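Q: First the structure, then my questions, so here it is.
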Amino acid sequence: MTRERRILDVDDLTVVHQAGGRWGNRRGDTVAAVDGVSLTVDAGEIIGVVGESGSGKTSLAMAVAGLGRISGGTVTVSGVQVSGRLSRAERTRVQVILQDPHGSLDPRQTVRRGLRELRRIHPERTGWTTDEELLAKVGLNADLLDRLPHQVSGGQAQRVAIARALLLRPALLLADEPTSALDVSVQAQILRLLLGLRRSEDLAILFISHDLAVVRAVCDRVHVMLRGRVVEHGPTAEVFERPAHEYTRRLLAAIPGRRPLDPADPAGRPVQVTTASVPGGEP
Amino acid sequence: MTAVLAPRRPASGRPATRARGAGAVLAFGVPLALIGAVCLAAPLLPLPDPAAQSLSAALRPPAWLSGGDAAHLLGTDHLGRDVLARILYGGRLTFLIAVAGMLAGAVPGTLLGLVSGFYRGTVDAVVSRFVEAQLALPFILLAIAVIAGRGRSLSALVLVLALFGWAQYARVIRAETLSLRERPFVLGLRCAGVPAPRILLAHMLPNVAGTVLVLVTLQIGTVILAESALSFLGLGVVSPQISWGAMLADGRDQLTHAWWVAAFPGLAITTVVLLVNLLGDAMRSWLDPKKRRY
């Protein structure tokens, strides 16, 4: 890969959160949500980050988006280091797609008004397309423009969210559990859309998910996170076929359908991973 | 062979619900507007002068009771003034005070609530302490202090009502903003480089508008009652200005033998407060983009 195609470079990133509130934390306890993570994403690549709840995926995402704390290490997007002092144009180079498709849109704003707002704030970045063309790009009909978020389906809302992200021509699309709230057939449509956009827009996508089947379907390379650290990373096929780390093996064994469900365990208990030493709990 | 259910025609639920919502708004809004219009038009109506005293006609009962006089439909008070005329003229001032007092509390209260919930930190700590201090002060004590300092006047009355109201707005809107700012779309907007003041005014404010509206209608009722209480205690409007609360206070002494002097202004207050509250409820469900979730 040439230097120009490197979109995201996370180098030894550490994110430390205070445990407890400002007043309840006299001892100054801290939790390292992200602990020395390094990864890169090039243009046209979809890179997966998997891990269970509390493994630090979201803290990593917020740091990359320039909205979270960065306690140590660096995050570089298209050669510019992410810090608290980013210009508006610099900040918009990373756009997010989030889990809750309806919650990602202002409930009192029609699709058209939302797009118009973005155009007014970033006139220089948004002139490349019309609302109709933009919606066509994400597979939506233009008659959706005058609807409110509650008048569209979950899959359509997620497509609108993707369209809003695309409008600003981001270098990196940060997809944080983008399909977890959608039913399976819609999931596949959204994944196909992301795969298509990666190709047509030469987009770099950081794909964060706990859903291994989804990650396997779309990602070129995958990073497995446990307690804030990347315990294994490599090309998706390799990680899935020959997992090197014990935790990855256990995670993979937990994919439903990979083996028949244990009849002795009808509740389908989640895979047992020793996390007794994990500090803190849910993020 | 699988059984297939014949497709049913889709029920067209939305327009009907929307229309019914508008119906409820009209059902409460129209009577309220009529009352307001009649009060405003009082000088044009063939009514006796509300300030004209006639001791020979004092404490006349309403027209339909024995001893009543068709010239005084709702009777007269202890100075022989026409109760109906006084209610209509008094309504003008009552409405004015209610709306001014409500606005004077709602506008700063809502803005402070939005700012403190959105920015949190020091701003929030300062605003919240003021809210708590405000809520800890007894209303009547506050009213006496302000009116002792500024004298009895309409502006002093509105100031008291604003001081009385703003903390409620600030507290409720702060809580609503706190939960709203954690919603994913706010993250998306920040990520899209939308400036914070714009997120606050163009996204937070419309989303708390329903709550503000409900508070406003509840508060208008409270403000009318508070004005009545102040006038009743002699801290409110000054004679010859008339308000419903002041009329209620005047009628207090005759309650045992001339109930109509206090009862009709009381009825006016009750009716208007009730209509305002019902209207607020109807407007909330009408304006809500969806009556489900959130």
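Q: Regarding segment A:143-151, can at least one residue be identified that is within 20 Å of A:P178 (Cα to Cα), surrounded by 20 or more Cβ atoms within 10 Å (Cβ to Cβ), without any contact (Cβ under 8 Å) to a residue 12 or more places away in the chain and within 14 Å of chain B (Cβ to nearest Cβ)?
A: Within segment A:143-151, not a single residue is within 20 Å of A:P178 (Cα to Cα), surrounded by 20 or more Cβ atoms within 10 Å (Cβ to Cβ), without any contact (Cβ under 8 Å) to a residue 12 or more places away in the chain and within 14 Å of chain B (Cβ to nearest Cβ).
Q: Does segment A:82-110 hold any residues that are closer than 20 Å to A:V64 by Cβ and part of a loop (DSSP other than H, G, I, E, B), and which are they? Can you show your working first?
A: The first filter runs over segment A:82-110 and keeps only residues closer than 20 Å to A:V64 by Cβ, leaving A:82-100, A:104.
If the condition is that a residue be closer than 20 Å to A:V64 by Cβ and part of a loop (DSSP other than H, G, I, E, B), then A:V82, A:S83, A:G84, A:R85, A:L86, A:S87, A:T92, A:R93, A:L98, A:Q99, A:D100, A:S104 are the ones that fit.
Q: From (1) assigned to a helix (DSSP H, G or I); (2) surrounded by fewer than 19 Cβ atoms within 10 Å (Cβ to Cβ), pick out the condition that doesn't hold for B:E182.
A: Of the numbered conditions (1) assigned to a helix (DSSP H, G or I); (2) surrounded by fewer than 19 Cβ atoms within 10 Å (Cβ to Cβ), the odd one out for B:E182 is (1).
Q: Now for a separate question. Out of all the residues in segment A:58-84, which are buried (at least 24 other Cβ atoms within 10 Å of the Cβ) and not hydrophobic (A, V, I, L, M, F, W, C)?
A: A:S59
Q: Separate question: Which ones in segment B:184-226 are out of contact with any Leu (no Cβ under 7 Å at 6 or more places or on another chain) and more than 14 Å from chain A (Cβ to nearest Cβ)?
A: Of everything in segment B:184-226, those that are out of contact with any Leu (no Cβ under 7 Å at 6 or more places or on another chain) and more than 14 Å from chain A (Cβ to nearest Cβ) turn out to be B:V214, B:L215, B:V216, B:L218, B:Q219, B:I220, B:G221, B:T222, B:I224, B:L225.
Q: So which residues in segment A:60-73 are within 14 Å of another protein chain (Cβ to nearest Cβ), in a helix (DSSP H, G or I) and either under 11 Å from A:S83 (Cα atoms) or out of contact with any Gly (no Cβ under 6 Å at 6 or more places or on another chain) (or both), if there are any at all?
A: So in segment A:60-73, the residues within 14 Å of another protein chain (Cβ to nearest Cβ) come out as A:61-68.
Restricting the remaining residues to those that are in a helix (DSSP H, G or I) gives A:61-64.
Answer for segment A:60-73, where residues must be within 14 Å of another protein chain (Cβ to nearest Cβ), in a helix (DSSP H, G or I) and either under 11 Å from A:S83 (Cα atoms) or out of contact with any Gly (no Cβ under 6 Å at 6 or more places or on another chain) (or both): A:A61, A:A63, A:V64.
Q: If A:I162 passes every condition in (1) open to solvent by 20 Å² or more (accessible area, probe 1.4 Å); (2) more than 9 Å from chain B (Cβ to nearest Cβ); (3) not hydroxyl-bearing (S, T, Y) but one, which one does it miss?
A: Of everything listed in (1) open to solvent by 20 Å² or more (accessible area, probe 1.4 Å); (2) more than 9 Å from chain B (Cβ to nearest Cβ); (3) not hydroxyl-bearing (S, T, Y), A:I162 misses just condition (1).
Q: Okay, moving on. For residues in segment A:220-256 being within 22 Å of A:S59 (Cα to Cα) and free of Cβ contacts under 8 Å to residues at least 24 places away in the same chain, which is most open to solvent (accessible area, probe 1.4 Å)?
A: By that ranking, first place goes to A:V231.
Q: Pairs only if they're at least six apart or on different chains, beta carbon under 7 angstrom, first in segment A:98-126 and more than 7 Å from chain B (Cβ to nearest Cβ), second crowded, with 19+ Cβ neighbours inside 10 Å and of a type in the set (K, R); list them, first residue then second.
A: Going by the 7 Å Cβ cut-off, the qualifying pairs are A:G114/A:R164; A:L115/A:R164.
Q: A further question follows. Restricting to segment B:253-265, name every residue that is closer than 20 Å to B:I224 by Cβ and in contact with a helix residue (DSSP H, G or I) (Cβ under 6 Å, 6 or more places away or on another chain).
A: Looking only at segment B:253-265, we keep the residues that are closer than 20 Å to B:I224 by Cβ, and these are B:261-265.
Hits for segment B:253-265 are B:V261, B:A262, B:F264, B:P265.
Q: In segment B:130-162, how many are part of a helix (DSSP H, G or I), of a type outside the set (V, I, T) and either touching a residue at least 24 places away in the same chain (Cβ under 8 Å) or open to solvent by 60 Å² or more (accessible area, probe 1.4 Å) (or both)? Give the steps one after another, and end with the answer.
A: Taking segment B:130-162 first, the residues part of a helix (DSSP H, G or I) are B:130-136, B:139-150, B:154-162.
Subsequent filtering for residues that are of a type outside the set (V, I, T) retains B:130, B:132-136, B:139, B:141-143, B:145, B:148-150, B:154-157, B:159, B:161-162.
Applying the additional criterion that residues be either touching a residue at least 24 places away in the same chain (Cβ under 8 Å) or open to solvent by 60 Å² or more (accessible area, probe 1.4 Å) (or both) yields B:130, B:132, B:134-136, B:139, B:141, B:143, B:145, B:148-150, B:154-155, B:157, B:159, B:161-162.
Residues that pass the stated criteria total 18.
Q: Among the residues of segment A:216-247, how many are outside any helix (DSSP H, G or I) and of a type in the set (D, E, K, R)?
A: First, the residues of segment A:216-247 that are outside any helix (DSSP H, G or I): A:219-235, A:242-245.
Narrowing the set further to residues that are of a type in the set (D, E, K, R) leaves A:220-221, A:227, A:229, A:232, A:242.
Summing the residues that are outside any helix (DSSP H, G or I) and of a type in the set (D, E, K, R) in segment A:216-247 gives 6.
The values are calculated or read from the model by the stated rules, or taken from the named source; none is laboratory data. Keep in mind that what you see is a predicted model, and the values were worked out from it rather than measured. Here the Cβ is made from the backbone with ideal geometry for all residues, glycine too, and neighbour counts use every protein chain on show. Accessible surface areas use protein heavy atoms only, side chains included; no ligands, DNA or RNA. Shrake-Rupley method; radii C 1.70, N 1.55, O 1.52, S 1.80 Å.
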